[in-house]
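Working notes for the structure below.
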Amino acid sequence: MSLFKDLETSGSSPALEQMLRFSGARQRLLVHNIANMDTPDFISLDVSPQAFQQQLAKAVNARREHNGGQQGDLHIESTDEVTISGDGAMTLTPQSTSNNVMYHDRNNRDLERMMQALAENGLAFRTATELLRRNHDLLRSAISQRP
């Protein structure tokens, strides 16, 4: 069991898994904003990917200082927008995106910004997925002793 835990928490895998969790949760939030774009009185909500990335970088640096960064869980501190429970579940508490245009139906929307955020978030998700897949492929090759 300890060997598998060490493999699971080695290298960049924990950081990539946290990035996947964040991107997936944010994707649901962004899609909800787009789906309700024409709803009167709807206020779009979002979380800051930059703030999450800063917290993730702090956790990676703390892991490096503690054990050289090769193995171990990442302990990401919760913020106003992102809460991580003991079992690794991530909860987002989005804030209003007040920089959008207010329309006559009291809806603040900006389709271009919404689509840009959706595309950037999707790219972050795909990149983390591909890097994690490569990590798992390397582990699979090492375990099966195939080059």
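The values are calculated or read from the model by the stated rules, or taken from the named source; none is laboratory data. Quantities reported herein were computed from a predicted structural model and do not represent experimental measurements. Cβ placement follows ideal geometry from the backbone for every residue including glycine, while neighbour counts extend to all protein chains displayed. For the accessible areas, the whole protein counts, side chains as well, though only heavy atoms, and no ligand, DNA or RNA atoms are used. Shrake-Rupley method; radii C 1.70, N 1.55, O 1.52, S 1.80 Å.
With all protein chains in place and ligands, DNA and RNA left out, the 1.4 Å accessible area ranks 29, 111 as 111, 29, largest first. Sorting 78, 13 by solvent-accessible area of protein heavy atoms yields 78, 13, largest first, with a 1.4 Å probe.
If R0 is 35 Å, the Cβ-Cβ spacing of residue 131 and residue 39 corresponds to a FRET efficiency of close to 0.45. The mean accessible area for residues of the range 22-98, using a 1.4 Å probe and ignoring ligands and nucleic acids, is 58 Å² per residue. If you take all other residues with their beta carbon under 11 Å from the beta carbon of residue 29, and give Lys and Arg +1 and Asp and Glu -1, the sum is 0.
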